[in-house]
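Here is the structure we will look at, set down as structure tokens.
Rule-based calculations on the coordinates, nothing more; no lab input. Because the structure is a prediction, the values reported are computed rather than measured. In this analysis, Cβ positions are derived from the backbone assuming ideal geometry, glycine residues included, and neighbour counts consider all displayed protein chains.
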């Protein structure tokens with residue numbers, strides 16, 4: 001090495017030592033240490049936000065006469081707008097603003113829609129458990145099923161649904177349950193129900209006189 005190269009090497013080492021920059025014995029993968037903003041565009045994992053759409057569901061509204069009636073509210077959902085996503089909004093209950101307007105929910109945490117199957121107007125709703133439903137034979141228990149069934153039958157746009165069965169996940173697979181109703185004859189074990197089985201929770205002025213289970217004008 002000639003004198004010029006030797007002087008340059010010494011100067012470089014002196015500068016590095018003076019700036020207290022550590023020198024590792026082995027080379028590091030610097031790319032892994034860079035913040036996302038400095039990485040090459042192809043290496044980032046940022047995805048565009050999913051498009052959202054507005055849907056309608058039933059929530060329970062406590063009226064001045066202490067009656068609990070179903071009332072239509074709007075929800076923004078993201079994803080593919082599947083029936084599962086819409087029905088999960090029913091289980092989630094009212095928003096903070098709706099609470100202030102006397103909307104209530106019979107649901108607690110503990111139940112999730114794990115699947116739906118629609119064949120010839122019959123919608124199967126698959127639940128992981130009934131833990132989120134009231135665990136007694138009460139108006140709140142029937143109201144919970146009314147919210148789920150009537151939302152599916154009346155408000156899921158683009159799907160021709162006229163009756164619903166609810167299946168529960170079990171060690172032996174999915175099993176249809178006997179859905180409690182508030183009006184009409186109790187269904188046979190595992191038989192479908194309709195929104196007409198819950199007309200006591202619907203405002204008389206908002207229902208179709210030819211089909212009390214459906215809102216007027218639908």
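Quick check on the stretch 76-136: take the gyration tensor over C-alpha atoms, sort the square-rooted eigenvalues as a ≥ b ≥ c, and tell me if it's rounded (a/c under 1.5), prolate or oblate.
oblate
Along the Cα-to-Cβ line of residue 183, 7 Å from the Cα, sits a label point; which residues in the stretch 129-157 have backbone N less than 20 Å from it?
Within reach of a label on residue 183, which here means backbone N under 20 Å from a point 7 Å along Cα→Cβ, the stretch 129-157 contributes 138-156.
Given 0.36 nm per residue, what is the gain on full extension from residue 62 to residue 101 after removing their alpha carbon distance, in nm?
Extra length available between residue 62 and residue 101 comes to 13.2 nm.
How do 73, 90 line up, fewest other C-beta atoms within 10 Å first?
Going from least to most buried by this count: 73, 90.
Set the Förster distance to 25 Å, then compute FRET efficiency between residue 53 and residue 129 from the Cβ-Cβ distance, nearest 0.05.
Efficiency for this residue pair is about 0.30.
Starting with the fewest neighbours, write out 124, 100 ranked by other beta-carbon atoms found within 10 Å of each beta-carbon.
100, 124
Need one number: nm distance between label points at residue 120 and residue 84, each 7 Å from Cα along Cα→Cβ, rounded to one decimal.
Inter-label distance under the simple model: 2.5 nm.
Take 165, 151 and order them by how many other Cβ atoms sit within 10 Å, fewest up front.
By the 10 Å Cβ count, ascending: 165, 151.
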